[in-house]
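In what follows, a single structure is set out as structure tokens and then discussed.
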Amino acid sequence: MESKVMLVTGANKGIGFEIVRQLAKLGHQVILTARDQEKGREAQSKLKAENLTVHFLMLDIMNEESILQAFGKVKTDFSKVDVLINNAAILLKEDHSLLRNDSTVFEKTLQSNAFAQLAVTKQFQSIMSNGGRIIMTSSQGGSMSDPVGGWSPAYCVSKSLLGAITRHLAHELSNRSISVNAFDPGWVKTDMGGRSAPRTVSQGTNTAVWLASERAIPTGKFFRDNKVIPW
Ligand SMILES: NC(=O)c1ccc[n+]([C@@H]2O[C@H](COP(=O)([O-])OP(=O)(O)OC[C@H]3O[C@@H](n4cnc5c(N)ncnc54)[C@H](OP(=O)(O)O)[C@@H]3O)[C@@H](O)[C@H]2O)c1
């Protein structure tokens with residue numbers, strides 16, 4: 001398989017870290033990014049101990065300067081990105097009600113889980129060649145077809161918005177044959193998902209790895225377990 005340059009955001013732990021591990025195992029040049037230098041280096045070392053070499057870059061998706069710096073470094077060192085995986089996100093513990101919560105909960109969540117994904121994508125798509133891929137880590141909570149579960153409403157709305165952004169980016173980038181898709185990892189045992197989650201990190205990661213490496217994939221779609229699901 002051809003080795004590609006793949007960048008993953010929020011990859012010091014959880015699903016992002018496991019995506020990096022799986023893609024590195026496939027022989028790709030993977031850039032593990034994290035907003036915290038120490039946590040990122042630690043994650044890189046963990047993989048080194050498994051004989052997996054990955055590159056590390058600091059990238060805080062909420063900080064424009066940080067996005068520009070990471071972009072400059074990738075442009076200089078790799079000259080391109082083939083696959084961008086927008087994985088970093090937050091779920092605030094105060095996120096219980098759109099009506100009762102302070103508006104900052106809603107604003108911060110949307111900034112982090114939707115606007116920042118667009119800002120990162122805007123920058124990195126400029127060095128993506130035809131055939132590039134952009135993958136958004138979304139959530140079933142963002143579904144517009146499933147019934148509302150009532151949990152973490154700001155988070156769920158942010159993922160619905162991310163879905164809308166995905167569809168529109170897919171349209172805008174179709175003339176360059178760059179695919180833009182989102183996937184739902186399911187409810188996964190991570191710091192965000194908690195201990196009672198039924199799925200392992202590896203199960204939650206498979207679809208991202210498949211979208212990054214499958215020979216031909218559609219664009220503008222929402223996936224779970226390698227299958228298209230309704231938005
Ligand atoms: N776990 C689930 O059940 C589940 C279900 C559906 C969807 N998802 C989605 O899967 C993705 C990964 O979630 P996870 O479960 O692996 O969560 P996690 O363990 O909490 O990891 C989230 C990652 O995002 C990073 N991050 C947050 N804000 C950032 C920022 N401004 N800049 C850079 N990195 C930032 C975190 O960095 P720090 O360590 O520095 O905080 C961490 O590395 C998210 O998009 C989430 O919404 C998860």
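The values are calculated or read from the model by the stated rules, or taken from the named source; none is laboratory data. If you're wondering where the values come from, they're calculated on a predicted model, not measured in any experiment. In this analysis, Cβ positions are derived from the backbone assuming ideal geometry, glycine residues included, and neighbour counts consider all displayed protein chains.
State yes or no: is residue 52 of a type outside the set (D, E, K, R) and either surrounded by 20 or more Cβ atoms within 10 Å (Cβ to Cβ) or at pLDDT below 95 (or both)?
Working: of a type outside the set (D, E, K, R): yes; either surrounded by 20 or more Cβ atoms within 10 Å (Cβ to Cβ) or at pLDDT below 95 (or both): no.
Criteria not met by residue 52.
Quickly run through segment 124-150 and pick out the residues that are under 14 Å from residue 223 (Cα atoms), among the hydroxyl-bearing types (Ser, Thr, Tyr) and surrounded by fewer than 21 Cβ atoms within 10 Å (Cβ to Cβ). Once the filter is applied, which keeps residues that are under 14 Å from residue 223 (Cα atoms), among the hydroxyl-bearing types (Ser, Thr, Tyr) and surrounded by fewer than 21 Cβ atoms within 10 Å (Cβ to Cβ), segment 124-150 yields only 145. Find the residue count for segment 78-114, including only residues that are surrounded by fewer than 21 Cβ atoms within 10 Å (Cβ to Cβ) and within 13 Å of the chain's Cα centre (by Cα). Residues flagged as surrounded by fewer than 21 Cβ atoms within 10 Å (Cβ to Cβ) and within 13 Å of the chain's Cα centre (by Cα) within segment 78-114 amount to 2. Residues being within 14 Å of the ligand (Cβ to nearest atom) and among the hydrophobic types (A, V, I, L, M, F, W, C): count how many of those fall in segment 44-67. The total comes to 7.
Out of 181, 226, report the one residue that is at pLDDT 95 or above and either farther than 16 Å from residue 138 by Cα or out of contact with any Gly (no Cβ under 8 Å at 6 or more places or on another chain) (or both). Write out each step before concluding.
On the way: 181 fails: either farther than 16 Å from residue 138 by Cα or out of contact with any Gly (no Cβ under 8 Å at 6 or more places or on another chain) (or both).
The match here is 226.
Being within 11 Å of the ligand (Cβ to nearest atom) and part of a helix (DSSP H, G or I) is the requirement here; does residue 70 meet it?
On the way: within 11 Å of the ligand (Cβ to nearest atom): yes; part of a helix (DSSP H, G or I): yes.
Spelling it out, residue 70 is indeed within 11 Å of the ligand (Cβ to nearest atom) and part of a helix (DSSP H, G or I).
From the list 200, 121, 219, the lone residue that is buried (at least 19 other Cβ atoms within 10 Å of the Cβ), modelled with pLDDT of 95 or more and polar (S, T, N, Q) is 121. Looking only at segment 146-194, residues that are assigned to a helix (DSSP H, G or I), of a type in the set (A, V, I, L, M) and in contact with a helix residue (DSSP H, G or I) (Cβ under 6 Å, 6 or more places away or on another chain) come to 4 in all.
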